[in-house]
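Some notes on the structure that comes next.
The values are calculated or read from the model by the stated rules, or taken from the named source; none is laboratory data. Quantities reported herein were computed from a predicted structural model and do not represent experimental measurements. In this analysis, Cβ positions are derived from the backbone assuming ideal geometry, glycine residues included, and neighbour counts consider all displayed protein chains. Just so you know, the surface numbers come from the protein's heavy atoms only, side chains and all, with ligands and any DNA or RNA stripped out. Shrake-Rupley method; radii C 1.70, N 1.55, O 1.52, S 1.80 Å.
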Amino acid sequence: MAGGITDTGELYSPYVGLVYMFNLIVGTGALTMPKAFATAGWLVSLILLMFLGFMSYMTTTFVVEAMAAANAQLRWKRMEKRKDDEDEDSSSGVSDSDVLQDGYERAETRPILSVQRRGSPNIFEITERVEMGQMASMFFNKVGVNLFYFCIIIYLYGDLAIYAAAVPVSLMQVTCSATGNHSCSVGDGTKYNDTDKCWGPIRRIDAYRLYLAAFTLLLGPFTFFNVQKTKYLQIMTSLMRWIAFILMIILALIRISRGQAEGHPSMAQLSGIRNLFGVCVYSFMCQHSLPSLITPISKKKHVNKLVLLDYILILAFYSLLSFTAIYCFRNDTLMDMYTLNFTNCEIINIAFIRYFLGLFPVFTISTNFPIIAVTLRNNWKTLFHREGGTYPWVVDRIVFPAITLIPPVLVAFCTHDLESLVGITGAYAGNGIQYLIPAFLAYCSRKDTQLVFGSGTVNKHLSPFRHTFWIVFVLIWGFSCFVFVTANIVLSESKL
């Protein structure tokens, strides 16, 4: 049904899907990675980046497998309902929710081959878009569903806080440094305090908060309405993103080749691992958007290989961006938002490029903020929705948008430490979305598939990491990360 909850949308080729996934993963997190690399040391950073990339790929295959299992469950339910409607001896009052339970019982007595004959030979084909929330409802119990929504909501709040801080920070750095004695000096190693002057009596922190207020007033109202990301907007932001990334890599390589490099990165600094972990998790995040990305791919036979190719390319890109950064700039001059290092006249004397890179986050993040906000608002509505119930106008149009917009703006008002915001968001909510939820989805979907279709049925999109060991390994790793990051934060604060 067009426009339905599982509507696939317009199909595209596997290679177009590869490009879309690349653009989805390589986003704001990449701009904070060079500073995290410098803080943790190049050897530790490279090892951790490769390991977390491998872990993210593994859990991506778990989500694809769960999507296939969910598609098979939906087909099974429809086949069972059709059979009950056609069977004159069956009772006419069977509800749709009872059909799946009946399927469990029938699967124990019905031969597997008859199941295959009655349905499609590719019953696990991914043709319907089943979002992660819907998969959670299919495979998890009530507590699991609530925990899923709690995790995704916290992650989206972190996303919005990062976006709300990144735009005012960029505007503050560019405009405050373009006036007075600070002209062209953003990336020259000069350290500014928030209390330093920006324009006349206006301090830098005041300028930041003024920009934050303007950002909230301009983009905040979109939270109260429905917005849709157009294809042309996506093309424009993707083009700007790649121009900016390529420019930064080329400018850094030119400076290194001329012998002007100032970076002398250390091999390892264990104190920086916490933020690096969060940044890397955040920078590989795509699991929550996989259903919308994978489902429209026209040929999915080699989808896991295409995803692996994507991860290899992304790993190479992150390494190139970060290594050119840490050898081009001194550790203490690398900015939280890497683009700001290129607003210095000594790095590039073309004013247009300086301002383009300095204001790059403003353009791209501003287009994404309303979409993320509406996604978070809709998740709140889904979490509290009851079958057949509706929300009062005030709750629907005022309360939900308000609880979506106010918390991240308050966080951005209190801090503009982007490295910490990205690190905490990735280390906690990102950890749940990227590791724990996919592992539980894979485990529960396999269990349900065996109950419905029998133990001999094989999911054609079964993850290459099909042994239960890998699921246990991911779960242990995910929970260990929670403990490690929390302990690291507590110890760091106690030293202060």
Per residue accessible area of segment 246-338, 1.4 Å probe, in Å² | 40 Å²
Pair residue 206, residue 83: separation of 7 Å Cα→Cβ label points (nm) = 7.5 nm
Listed residue pairs exceeding 31 Å between alpha carbons, taken from 81/301; 305/447; 305/381 | 305/381
Within the accessible area of segment 285-423 (1.4 Å probe), percent carbon and sulfur | 69 percent
Averaged per residue, the 1.4 Å probe accessible area of segment 377-496, protein heavy atoms only, in Å², is roughly 52 Å²
DSSP loop trypsin sites (Lys or Arg not before Pro) in segment 372-417 with at most 16 other Cβ atoms within 10 Å of their Cβ, which ones?
-> 386
Full extension from residue 402 to residue 455: what is 0.36 nm times the residue separation minus their Cα-Cα distance, to one decimal in nm?
-> 14.2 nm
FRET efficiency, 1/(1 + (r/R0)^6) with R0 56 Å, evaluated for residue 257 and residue 381 via beta carbons = 0.55
Two-site label geometry, residue 317 and residue 142: point separation in nm, points 7 Å out along Cα→Cβ | 4.4 nm
Using alpha carbon centers only, segment 339-396 is separated from segment 240-263 by a whole-angstrom value of 26 Å
Just subtract the alpha-carbon distance of residue 47 and residue 125 from 0.36 nm times their residue separation and send over the number in nm, one decimal.
-> 24.5 nm
Just order 17-24, 69-76, 277-284, 217-224 by mean Cβ neighbour count inside 10 Å, highest at the front, would you?
-> 277-284, 69-76, 17-24, 217-224
Over segment 317-426, relative contact order from alpha-carbon pairs under 8 Å, at least 6 apart, % = 22 percent
With a point put 7 Å past each Cα toward its Cβ, work out how far residue 352 is from residue 486 in nm, to one decimal.
-> 5.3 nm
